[in-house]
Amino acid sequence: MGELSPQIHIPKCHRDQFGALLQAFGLKVPIATHELNMLYDCSGAHLEIVRTFIEDANLRGISTTSLPSETTDALVTILQRYLTESGFSGSDSETILAAAAICGQNIVAEEVACVSGADLPEVARSIETAMRWKLLEENLGGPRFRHEITRHYFERNHHSDRLRLHATYARCLQKMRPAEFGLHFNHLRKAGLIHDAGVAYCLWTIRSAVMHTVADLPALDWSAPSWQQAQYLGRTLNEILKAIDLYREGQYELAHKQLLAIDDAVPDQLMAERDGLMAMCLLQSLEQADRARAATLLEPWRDKLQQASDTWVRLMMSLMFAQIQLSQFSEARQLERGVLRRLQKYRLHDEGVRHLLNRFRAASCMLHANEIALPRTERLIEEMENLPVGERYIENNTYFVALTNASSLELTAGNYEKSARYAERALKLRGTASTSKFQSFVPALSNLLVAHALVRPSQIENIVSVYESTGKTRPEDEDNLLYRNNQASVLIMAGRFKQAKDMLTEDYLSMKMMPDCDGYFFYFTTQNLALTEYLTGNSENATALLDEACEREDDLLPDCVSYLVQRNLYIREIWEANAKLTLSEQNGLLTEKANIKGKIGPCWSFYGRMPLFTPIEIWSLM
């Protein structure tokens, strides 16, 4: 490609000298300040554009009191005449700038290459040429059009090609910025691809519902004639949004039935959303068969969807959790690594991917030992606290998840005061946030109450009262089951052994009725039920329950299994040697054994005690 050069190249003047420059070039009429600034921004003080403007102003009498739109048209006309006379029009550089104009004010060379079909070196040369002509400027390390009018000129000048360029750019965005559904929608709509635009709008709406930013969405009238072919997408979207609301209300079976009403005659992306939400409902069950069904639903989408899209990340997050619940820990870690690497690939050019990456990092801490997960989570919290206010609003729910999970991690690390502070911050955020549809408060509240119980045992009766005031909880919901385990633990600390035993027995029998109950939940409940049996004089029952809990040790999470296995051995030795001990005496002997034989690791202060509390984390991305 031949290199273009402006006919006159003199260092440009400063903005405050520009008015004097126009007069020096012979401008005979006054010019308003806003028009002076607009011309300066459009032209970059390029002398040939200035000369052309002055000729038109003097010969045609451009009014300085004209409306902004008329001024814009006049400046576009001037710019067109100048570029035509100087030989820029019709060049390869103009074609590439037309493609760049479709992409927006800021220019990403890879996107321009994708839209124009040119190779990167050619795009780079054209950008360099346009910079010399002062059509572009450097902004925060990258090129951009000097003014929206300049971009508008190049977009308008290739009107006949505009539909094709918008369609091409939308496809490029789906590959290069897969989480930016709003951009996908806008460019598909401008390209006249109504059905594809409708799918993008559905995905955008679902993402906004999940991220709690629905207020930012433009309204779309599915009944309008232009959207007639896509009306069924609107109906599908409404079904999915209803299911999301039901899921957030804890009505998992109803949400699952709502999703089953969506048939398979919808685009793959919406099928994936349906399957992902159905899997999340199944993952709330305590039965391993339901977890396996969830994994079966999710696994086919691993390679089907555009990787790093919002939908794909949420589905892979749920698949990872299903693998954890099915004790497939090596597979879960491998999947986590794959997701993080793919998100990293897109994060620089896709703001939506950065938000996804934060959500994934906030929810994946349960896969790692406390020594790894805690510093990662605290770094994430610090990063989000340093975000601008507008971005912090988008990240509100992720921030809540990170604070809640930090409170859980500090709890297991034995840092009870820090755990309480994180939990308090999470609950305060949830209470003051503008949206009412927020992540569950149960994990944060539970972690807060446990931290207070451990650091202030003298106030245990007050903590019992708080638990009682929160109302009845449901054993079939996993967060609430763990919450009840902690409530029973507080009752044990308060000496209310019978009340704790009744609560634990109810949950124990409920899980026993399930064909293949989750071993993690069963283990914690059974351990504390064994303790109540021992404290009420039923040593034989207590030992039998310890044995039953031991059978589920393979189902424990990697971060706690070594502690709990050793703890169980110590408790057995203590109970076999002592038919009757108080809770305080048992904890004294447990500490003594650990000091002699070993505490296993830094989280022993939390796990190496009786009763056995449960830290609760949030895994869901919704």
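The values are calculated or read from the model by the stated rules, or taken from the named source; none is laboratory data. For clarity, every value in this text was computed on a predicted model and none was experimentally measured. Methodologically, a virtual Cβ is constructed for each residue, glycine included, from the backbone with ideal geometry; neighbour enumeration extends over all protein chains shown. Heads up: the accessible areas ignore ligands, DNA and RNA and are worked out on the full protein's heavy atoms, side chains in. Shrake-Rupley method; radii C 1.70, N 1.55, O 1.52, S 1.80 Å.
So the values come out like this:
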item: Dipole axis of the range 83-146 (+1 Lys, Arg; -1 Asp, Glu on Cβ), positive-most option in Leu140, Leu97, Val115; result: Leu140
item: Cα gyration tensor shape for the range 164-230, rounded if a/c is under 1.5, else prolate or oblate; result: oblate
item: Accessible surface of the range 169-244 [probe 1.4 Å, protein heavy atoms]: carbon and sulfur percent; result: 51
item: Subset of Lys304/Lys428; Lys498/Lys593; Lys175/Lys428 violating a 32 Å alpha-carbon distance limit; result: Lys304/Lys428; Lys175/Lys428
item: Surface per residue (accessible, 1.4 Å probe) for the range 224-376, Å²; result: 42
item: Per residue value of the accessible surface for the range 490-622 (all protein chains in place, 1.4 Å probe), Å²; result: 40
item: Kirkwood Rh (inverse of mean 1/r, distinct Cα pairs), the range 494-561, angstrom; result: 12.2
item: Apportionment of accessible area to carbon and sulfur, the range 293-336, percent (1.4 Å); result: 46
item: Shape of the range 124-177, Cα gyration tensor, a/c cut at 1.5; result: oblate
item: Cross-link pairs beyond the 23 Å C-alpha cut-off, checked among Lys418/Lys597; Lys501/Lys580; Lys134/Lys345; result: Lys418/Lys597; Lys134/Lys345
item: Per residue accessible area in Å² of the range 120-180, where ligands, DNA and RNA are left out and the probe is 1.4 Å; result: 46
item: Sulfur and carbon atoms: percent of accessible area, the range 491-535 [1.4 Å]; result: 57
item: Computed label-point distance, nm, for sites Leu217 and Asp303 using a 7 Å Cα→Cβ extension; result: 3.3
item: Average Cα contact separation per residue, the range 256-322, under 8 Å, 6 or more apart, as relative contact order %; result: 32
